[in-house]
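The values are calculated or read from the model by the stated rules, or taken from the named source; none is laboratory data. What you see is a predicted model, and the numbers here were worked out from it, not measured in a lab. Backbone-built Cβ (ideal geometry, glycine too); neighbour counts: all protein chains shown. Heads up: the accessible areas ignore ligands, DNA and RNA and are worked out on the full protein's heavy atoms, side chains in. Shrake-Rupley method; radii C 1.70, N 1.55, O 1.52, S 1.80 Å.
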Amino acid sequence: MLTPKPDHFDVVIIGSGAAGMTLALHLPDDYRIAILCKEAPLEGSSYYAQGGVAAVLDEYDSIGAHIDDTLVAGDGLCNPETVAFVVEQSPGIIDWLVTLGVNFDTRVSNSGRSEFHLTQEGGHTHRRVIHAADATGREITERLAEALNERKGVEFFTDQIAIDLVTSDQLGESSKYCCGVHTLNLKTAETQTLSCQNLVLATGGASKVYLYTSNPDTASGDGIAMAWRAGCRVANLEFNQFHPTCLYHPTAKSFLISEALRGEGARLLLPDGTPFMENFDPRGELASRDIVARAIDFEMKRLGCDFVLLDISHKDDGLIRSHFPNIYERCLSHGFDLTQAPIPIVPAAHYTCGGVVTDLSGQTDIKNLYAIGEVSYTGLHGANRMASNSLLECMVFGRAAAQSIRKTPKRKLPVNPIPRWDDSQVSRSREDVILAHNWEELRRLMWDYVGIVRSDRRLLRAQRRIQLLQQEINDYYAHHTINRDLLELRNLAQVAELIVRSALSRKESRGLHYNLDHPDQSSAATETILMPTNYFG
Ligand code: FAD
Ligand code: SIN
């Protein structure tokens, strides 16, 4: 018999986005589950998702077409088995969301039936993106959270940041499995250690590593860095997706302008009003995201301009206001009326295509440790994620990981108890300005040297600077009391180092990774897999 302890859980889930909440909802009622999140439960990329969820729902669409489009967008680097696994589950995932009360937009068909309104986004050859106006993430996460509130046995630990994972080898055992996590309460500054049978990383992506990003502050790559330090392989981290269209305004914080605008007919224009996308791809505005972002970057550099324009003002005012109510209002608050004139846009870091290597159940290299959602590398996205495939992946793998956990027999608790976090050797820093400076330096150098267009020289320059920053940050970490800024900076610096190492090892251009010194694509597509020194597999 296992004796439950106050800080012991059947499952600890780090992250309460679409991935983490989906997993929790698929676990048995009698499991004791902890869900950790750095801020309020809904704060994360999932809540801000706009365009929708890609799913095969139209009678003229097919699973085969969705698979093909995903493979084409991924530029030869997707794992076809993963793509099929995810896409085949898309209709079932939507059914499940509907049973939870998710209210997707509908329309009246030509034959008078009510059916889901499906929008279009880059790379999709069919209308297949189901949505709730332009706030799909809000609608989905609110319904998931409501369903979780009904569940017994789920405890939320809000304002709680995971510091590092605990694995059994650290406790002197010969086999390696994940058995806990150290956390820091951001309100009380107290540390806590949770032990568990299974731990799930659902921490989202790492786009905060770039100076300009569409992502909320939670996206600091914590899960990737923690898994790497614990001994997991990571893959394809050079594929950082830049969303082509974020609002250009000093106080808009790279507010995303959904790709669905282009799906509904918005055009990209140079500052003088000339359309340009057809010069880069016959699909024009609906080419995949890597191509559109690179085209905008090319034109901005060629003309020396700070932004290009996105224009949907030729469309019906009613359609714009009803399909894009939040984007319309937000633009208006910055002085831009979508119904009247083009708006200024720029690309910004948006999605981390690589991550912690997992199998089709979200299982990582370490037993009892799972990674699901944007933190993971499952093989779905290849060299470039197709729009709206991410929420789908979160929910497919949330469910798959839950099924795997249910089947995993419970094991005995580690013989040696997990030692508490020891901060007896560190003191409070009086120089937090160093942290602020390093944050800025890291994010700026990643933007300048590891952005949409790369070169070997820029990557090497970035690598040297990141190594110096890591030395400073690790020294700071060894001597000072931890806080959120320090933990996230340490994680971001680790992820930046892994991104640059991956980018330097790829001697070709493919998908989102474009290197001026290696502009051609190799005939063989290979993943970039990095192996930590403490890899156990
Ligand atoms: P998130 O939703 O980001 O949640 C991460 C969670 O982890 C948060 O709860 C956070 O607090 C927690 N966390 C992180 N680190 C720690 C730590 N150290 N300790 C404790 N907790 C931690 N994709 C689509 O498919 N369709 C779209 O329309 C779409 N639109 C988007 C629009 C925007 C503006 C953005 C930013 C992204 C969009 N994406 C879209 C991408 C998609 O939203 C994300 O990839 C997806 O939601 C990630 O979900 P997740 O559950 O993996 O992580
Ligand atoms: C968008 O609405 O443009 C974002 C969609 C996505 O990132 O998948």
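Determine, yes or no, whether S254 is hydroxyl-bearing (S, T, Y) and open to solvent by 10 Å² or more (accessible area, probe 1.4 Å).
Against the criterion (hydroxyl-bearing (S, T, Y) and open to solvent by 10 Å² or more (accessible area, probe 1.4 Å)), S254 qualifies.
Would you list the strands (runs of 3 or more DSSP E) that sit entirely within the stretch 174-255 and hold 1 or more residues that are within 27 Å of S509 (Cβ to Cβ)?
Answer list for the stretch 174-255: 240-247.
Looking at (1) within 20 Å of the chain's Cα centre (by Cα); (2) open to solvent by 50 Å² or more (accessible area, probe 1.4 Å), can you tell me which one C78 breaks?
Failing condition for C78: (2).
Residue check: is A24 among the hydrophobic types (A, V, I, L, M, F, W, C), within 23 Å of T378 (Cα to Cα) and within 18 Å of the chain's Cα centre (by Cα)? Break it down stepwise before answering.
On the way: among the hydrophobic types (A, V, I, L, M, F, W, C): yes; within 23 Å of T378 (Cα to Cα): yes; within 18 Å of the chain's Cα centre (by Cα): no.
When the stated conditions are applied, A24 does not pass them.
Return the residues of the stretch 120-159 that are in contact with a strand residue (DSSP E or B) (Cβ under 7 Å, 6 or more places away or on another chain), open to solvent by less than 10 Å² (accessible area, probe 1.4 Å) and either away from ligand 2 (no atom under 13 Å from the Cβ) or among the aromatic types (F, W, Y) (or both); say none if nothing qualifies.
L148
So F307 ticks every box in (1) free of Cβ contacts under 8 Å to residues at least 60 places away in the same chain; (2) farther than 18 Å from P275 by Cβ; (3) aromatic (F, W, Y) but one. Which box is left unticked?
The single condition F307 does not satisfy is (2).
Regarding the stretch 378-400, can at least one residue be identified that is in contact (Cβ under 8 Å) with a residue 12 or more places away in the chain, part of a helix (DSSP H, G or I) and over 19 Å from A54 (Cα atoms)? Let's see the steps before the verdict.
We begin by selecting, within the stretch 378-400, every residue in contact (Cβ under 8 Å) with a residue 12 or more places away in the chain; these are 378-400.
Retained after the next criterion (residues that are part of a helix (DSSP H, G or I)): 389-400.
Those left that are additionally over 19 Å from A54 (Cα atoms): none.
No, there is no match, as no residue in the stretch 378-400 is in contact (Cβ under 8 Å) with a residue 12 or more places away in the chain, part of a helix (DSSP H, G or I) and over 19 Å from A54 (Cα atoms).
R302 passes all but one of (1) farther than 20 Å from L498 by Cβ; (2) within 16 Å of ligand 2 (Cβ to nearest atom); which number fails?
For R302, the exception is condition (2).
Of all residues in the stretch 296-306, which are surrounded by fewer than 22 Cβ atoms within 10 Å (Cβ to Cβ) and of a type in the set (A, V, I, L, M)?
M300, L303
Would you mind telling me which numbered condition in (1) open to solvent by 20 Å² or more (accessible area, probe 1.4 Å); (2) within 14 Å of ligand 1 (Cβ to nearest atom); (3) not hydroxyl-bearing (S, T, Y) V356 fails?
Single failed check for V356: (1).
Restricting to the stretch 107-130, and then to whatever is in a loop (DSSP other than H, G, I, E, B) and over 12 Å from D58 (Cβ atoms), can you tell me which residue is nearest to ligand 1 (Cβ to nearest atom)?
Pass one, the stretch 107-130, residues in a loop (DSSP other than H, G, I, E, B): 109-113, 117, 120-128.
So of that shortlist, the ones also over 12 Å from D58 (Cβ atoms) come out as 110-113, 121-123.
Values: N110: 27, S111: 29, G112: 29, R113: 26, E121: 8, G122: 12, G123: 12 Å.
By that ranking, first place goes to E121.
Quick test of your reading of the structure: P409 fulfils all but one of (1) within 17 Å of Q197 (Cα to Cα); (2) away from ligand 1 (no atom under 13 Å from the Cβ); (3) touching a residue at least 12 places away in the same chain (Cβ under 8 Å). Name the failing condition by number.
With respect to (1) within 17 Å of Q197 (Cα to Cα); (2) away from ligand 1 (no atom under 13 Å from the Cβ); (3) touching a residue at least 12 places away in the same chain (Cβ under 8 Å), P409 is out only on (3).
In the stretch 499-537, how many are aliphatic (A, V, I, L, M) and buried (at least 16 other Cβ atoms within 10 Å of the Cβ)?
Going through the stretch 499-537 one residue at a time, the tally reaches 7.
Exactly one condition in (1) modelled with pLDDT under 95; (2) touching a Leu at 6+ places or on another chain (Cβ under 8 Å); (3) of a type in the set (A, V, I, L, M, F, W, C) is false for V53; which is it?
Every condition holds for V53 apart from (1).
Could you tell me whether any residue of the stretch 39-56 is more than 16 Å from ligand 1 (Cβ to nearest atom) and exposed (fewer than 14 other Cβ atoms within 10 Å of the Cβ)?
no
Taking the condition more than 23 Å from L23 (Cα to Cα), within 13 Å of ligand 1 (Cβ to nearest atom), out of contact with any Ser or Thr (no Cβ under 7 Å at 6 or more places or on another chain) and part of a loop (DSSP other than H, G, I, E, B), does A133 pass?
Numbers: more than 23 Å from L23 (Cα to Cα): yes; within 13 Å of ligand 1 (Cβ to nearest atom): yes; out of contact with any Ser or Thr (no Cβ under 7 Å at 6 or more places or on another chain): yes; part of a loop (DSSP other than H, G, I, E, B): yes.
Criteria met by A133.
Let me spell it out: the conditions are (1) more than 16 Å from ligand 1 (Cβ to nearest atom); (2) under 28 Å from E393 (Cβ atoms); (3) surrounded by 19 or more Cβ atoms within 10 Å (Cβ to Cβ); (4) of a type outside the set (A, V, I, L, M, F, W, C), and R267 meets all of them except one. Which number is the exception?
Going through (1) more than 16 Å from ligand 1 (Cβ to nearest atom); (2) under 28 Å from E393 (Cβ atoms); (3) surrounded by 19 or more Cβ atoms within 10 Å (Cβ to Cβ); (4) of a type outside the set (A, V, I, L, M, F, W, C) one by one, R267 breaks only (2).
Do you know which of the residues in the stretch 6-22 that are touching a strand residue (DSSP E or B) at 6+ places or on another chain (Cβ under 7 Å) and over 25 Å from S214 (Cα atoms) is most open to solvent (accessible area, probe 1.4 Å)?
Looking at residues that are touching a strand residue (DSSP E or B) at 6+ places or on another chain (Cβ under 7 Å) and over 25 Å from S214 (Cα atoms), I get D7.
Only residues that are open to solvent by less than 10 Å² (accessible area, probe 1.4 Å) and farther than 19 Å from R443 by Cβ: list them for the stretch 231-246, please.
Listed by number, the residues that qualify are G231, C232, V234, A235, N236, P244, T245.
Does I405 qualify as being part of a helix (DSSP H, G or I) and among the β-branched types (V, I, T)? Even if it seems obvious, please write down each step before you answer.
Working: part of a helix (DSSP H, G or I): yes; among the β-branched types (V, I, T): yes.
When the stated conditions are applied, I405 passes them.
Could you list, in sequence order, the residues of the stretch 366-390 that are within 26 Å of R127 (Cα to Cα) and more than 10 Å from ligand 2 (Cβ to nearest atom)?
Within the stretch 366-390, the subset within 26 Å of R127 (Cα to Cα) is 373-374, 378-390.
G373, E374, T378, G379, L380, H381, G382, A383, N384, listed by residue number.
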